[in-house]
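Take a look at the structure set out below.
The values are calculated or read from the model by the stated rules, or taken from the named source; none is laboratory data. From a predicted model like this one, the values you see are computed outputs, not experimental measurements. Positions of Cβ are generated from backbone atoms using ideal geometry, with glycine treated the same way; all protein chains shown enter the neighbour counts.
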Amino acid sequence: MQTINTQCYKLFNSGFIQKAAMFITSAAIAFTPLSAAQAQSRSVPIVRDAEIEALVTDYASPILGAAGLKRRNIETILVNSQSFNAFVDGRRIFINTGALMQSETPNEIIGVIAHEAGHIAGGHQERLREQLASAKTMAVIGALVGVGASVAGAVSGSGSAAGAGGGIALGSAEAAMRNLLAYQRTEEITADRLAINYLNKTGQSAKGMLTTFQRFASALSLSGSRTDPYRISHPLPRERIANLEELAKKSPNYNKTDSPALQLRHDMARAKIAAYGGGLGSVQRMFRNNPRGIAARYGDAITTYLKGSARNALPKIDALIKEQPQNPYFHEIKGEILIKANDPAGAAKSFQQAVNLDKRKSPLLRMSYGRALMLTGNKANMPKAISEIKTGIASDPEFPGGYSYLAQAYAQSGQMALSELATADMHYYTGRLEQAKIFAIRAQKGLKKGGADWLRAQDIINAKPRKK
């Protein structure tokens, strides 16, 4: 597995209102909503990485506490997209990797998270669905009235009456859309103000939020496009700056900067995303002012490994480990490099070191350790491999990659029924229900009837697709 692992998770499978919610605003801080293609696909490419997830969780934790959301188990999830965007869905905050890439300081991303927390705390998504239902009703009524007027015009032979009917239908849809967008712009302003409150409560600056809006304003200005302010779901960036600047500058924390340690973690996360997404050139551009810093060399080591040169990547990651021997993610990358170098036994030692150093107990690291043990091909390692992978899955049961590793480990140990059950789970959590059922049926033939594994297979067999 690459350290940054992308999976396509199904998020929206229940009809017009949920799809429209994602398309029209996504409760996003970015100026541009999701595309129609993304809305229709009803899936979002999710990035899984232990290091970046730990960083974003640290950013979010105090903000969620200030917003009164600690007990709601809000998840922060990374989306594999180069655009600067974030959005919410129930108890989840989605942040694009592009937002991390473009944010030069932690404070900028913390401001994004504070804004999205404002949407969740304010119950904006639930009310948005009500507004969408209302807008849909308004549009349908208007269309029916328009059709009625058109029919009447045709019967009476009046072309003007028929034309008026079409105008009524179009006008009602336009009015419904404008009412909905006006409502959404109001909620965006509310979320911005709540974000300022959360930042003040946690002793953090709102300067990062202003920097984000200034970036949007510059991009809009450079594009040369003209925007109808009544046909967008967010206030224009200049409006948002004007609404927030005075409040932000009143805070005693306005000129407070991020700690050097947090800034370094942020830079290393950006280096990793740049390496996987853009290669060495992207890393070099990002750190052109500090090409020999730890973050730049981290990105260089990763890009060297990704190019297929494990021999050249090893001394680079070893040099970083020498500087930061307690960094679990350097050991994780070394494990990935050693797998590519066809040394799974060495990789297993590196992943074990990463697991031992990881204070967060990341399930991804446990699964990677188990996978490396499985790749050794040594049957004596299989019980430990299975145990490590299952431990990771227990903490992160919806990650399809973990079931893929587990299926391979069971197969190597000769437990084919359990391998097929793990494969069924893998398909189930990637939304491929028919394939999941096929493997679950095959698994049941070799499982004890009524046992926990047999019942899990039965659950998959009985699962019904969500209504469209």
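Worth a mention:
- Search result, residues across segment 444-466 that are assigned to a loop (DSSP other than H, G, I, E, B), of a type in the set (A, V, I, L, M, F, W, C) and either more than 14 Å from A417 (Cβ to Cβ) or touching a Gly at 6+ places or on another chain (Cβ under 6 Å) (or both): A463
- Test: residue in segment 232-245 that is farther than 26 Å from Y59 by Cα and modelled with pLDDT under 60: yes
- For segment 240-294, a residue qualifies if it is within 17 Å of L100 (Cα to Cα), part of a helix (DSSP H, G or I) and acidic (D, E), and exactly one does: D267.
- Residue identified as free of Cβ contacts under 8 Å to residues at least 24 places away in the same chain and part of a helix (DSSP H, G or I) among A345, A417, A354, A407: A407
- Of note, A424 satisfies the criterion of being in a helix (DSSP H, G or I), among the small types (G, A, S) and crowded, with 17+ Cβ neighbours inside 10 Å.
- Looking only at segment 427-443, and only at residues there that are outside any loop (DSSP other than H, G, I, E, B) and of a type in the set (S, T, Y), the one that is surrounded by the fewest Cβ atoms within 10 Å (Cβ to Cβ): Y429
- Among the residues making up segment 357-391, those that are in a loop (DSSP other than H, G, I, E, B), charged (D, E, K, R) and surrounded by fewer than 16 Cβ atoms within 10 Å (Cβ to Cβ) are K359, R360, K361.
- No other residue among Y429, Y403 is closer than 28 Å to I339 by Cβ and touching a His at 6+ places or on another chain (Cβ under 9 Å) apart from Y403.
- Conditions (1) within 28 Å of the chain's Cα centre (by Cα); (2) over 18 Å from A271 (Cβ atoms): number failed by N342: (1)
- Applying the condition of being crowded, with 20+ Cβ neighbours inside 10 Å and of a type in the set (V, I, T) to segment 277-307 and asking which residue is nearest to Q352 (Cα to Cα) yields I302.
- Residue in segment 308-343 that is surrounded by the fewest Cβ atoms within 10 Å (Cβ to Cβ), counting only those that are over 21 Å from E53 (Cβ atoms) and of a type in the set (G, A, S): G308
- Looking only at segment 43-68, and only at residues there that are acidic (D, E) and crowded, with 19+ Cβ neighbours inside 10 Å, the one that is farthest from the chain's Cα centre (by Cα): E51
- Residue pairs meeting the criteria (Cβ under 6 Å; at least 6 apart or on separate chains; first more than 18 Å from S362 (Cα to Cα), in segment 321-332; second surrounded by 11 or more Cβ atoms within 10 Å (Cβ to Cβ) and modelled with pLDDT of 95 or more): I321/F330
- Subset of segment 69-103 [touching a residue at least 24 places away in the same chain (Cβ under 8 Å), surrounded by fewer than 19 Cβ atoms within 10 Å (Cβ to Cβ) and closer than 27 Å to N253 by Cβ]: L69, R72, Q102
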